[in-house]
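Below is one structure, written out as structure tokens, with a few remarks after it.
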Amino acid sequence: MPLVPCRACGHSVDTSAQACPGCGATNPGRKLSKQQSDFVVLLIQLIVGVGLLFVAGNWAWNQIGPIVKAQLSKPAQ
Ligand SMILES: [Zn+2]
């Protein structure tokens with residue numbers, strides 16, 4: 001069983017340990033706590049979402065933009 005330093009107190013704990021024997025922190029073998037990893041996942045989803053939105057918006061503008069410009073440049077009837 002590999003030992004890693006606890007993320008909270010540095011005490012050597014088993015990676016599979018549920019709680020640190022030194023300080024009682026949960027999942028001491030994990031680099032990130034559940035909350036932190038949830039936040040990272042949320043952040044990645046946000047970045048990917050905004051990226052997709054940007055690409056989709058850019059694509060839509062390239063498709064619709066020339067039509068809109070053509071409509072606008074038409075002389076009013
Ligand atoms: Zn600890």
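Where a number appears in this text, it was derived from the coordinates with a stated rule and is not lab data. Model, not experiment: these values are computed from the prediction. Quick reminder, even Gly has a Cβ in these numbers, built from the backbone with ideal geometry, and neighbours come from all protein chains shown.
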Could you pull out the residue among Gly24, Gly65 that is in a loop (DSSP other than H, G, I, E, B), surrounded by 11 or more Cβ atoms within 10 Å (Cβ to Cβ) and out of contact with any Gly (no Cβ under 8 Å at 6 or more places or on another chain)? Gly24
Could you tell me whether Asp14 is out of contact with any His (no Cβ under 6 Å at 6 or more places or on another chain) and away from the ligand (no atom under 16 Å from the Cβ)? no
Subset of the range 27-58, residues exposed (fewer than 10 other Cβ atoms within 10 Å of the Cβ) and either touching a residue at least 60 places away in the same chain (Cβ under 8 Å) or within 16 Å of the ligand (Cβ to nearest atom) (or both), comes to Lys31
